[in-house]
Amino acid sequence: MSLTSAATLATLDRTGPRRITDLAAVEGVTQPAMTALVRVMEESGLVERRGDASDKRVTLVCLTEAGASYVRTRRQAGVHAFERLIGELTGDEVEALVAALPALKHLADLENQDREGPKQ
């Protein structure tokens, strides 16, 4: 799976259903590229398109249960990888990481705000 596909699935998991144009902007790709990507992920059963109840002209891309499961599995694999790597650090290095956590969380929050843009 491409990084853009994985990032798109993660965005849908975090933010809920989105328009293709919104997804394209958040992921930094063109609308035609996102349309093609959504089509492939739809054929794979990871996402589905649904109508927007508030605007019948709009189609939203939604994560399926298979897509949500993929995101959870991928995140869990990342957690296990970090656990293994952190286990190889010295006590001082672990303490330095713990001290840096508030700043790292703030950076992640700022990045998420930039990527998600305005809420639907």
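The values are calculated or read from the model by the stated rules, or taken from the named source; none is laboratory data. Keep in mind that this is a model prediction, so the values were computed, not measured. Neighbour counts are summed over all protein chains in view; Cβ atoms, including those assigned to glycine, are modelled from backbone coordinates with ideal geometry. Accessible surface areas use protein heavy atoms only, side chains included; no ligands, DNA or RNA. Shrake-Rupley method; radii C 1.70, N 1.55, O 1.52, S 1.80 Å.
Data overview
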item	result
Whole-percent carbon and sulfur share, accessible surface of segment 45-98, 1.4 Å	58
Difference of contour (0.36 nm per residue) and Cα-Cα distance, Ala77 to Ala36	12.0 nm
Potential lengthening between Arg50 and Asp13 on full extension [0.36 nm per residue; Cα-Cα distance subtracted]	11.8 nm
Met1-Ala103 pseudo-label distance in nm [points 7 Å out on the Cα-to-Cβ vector]	3.2
Extension gain, Ser69 back to Val94 (0.36 nm per residue minus Cα-Cα distance, nm)	5.9 nm
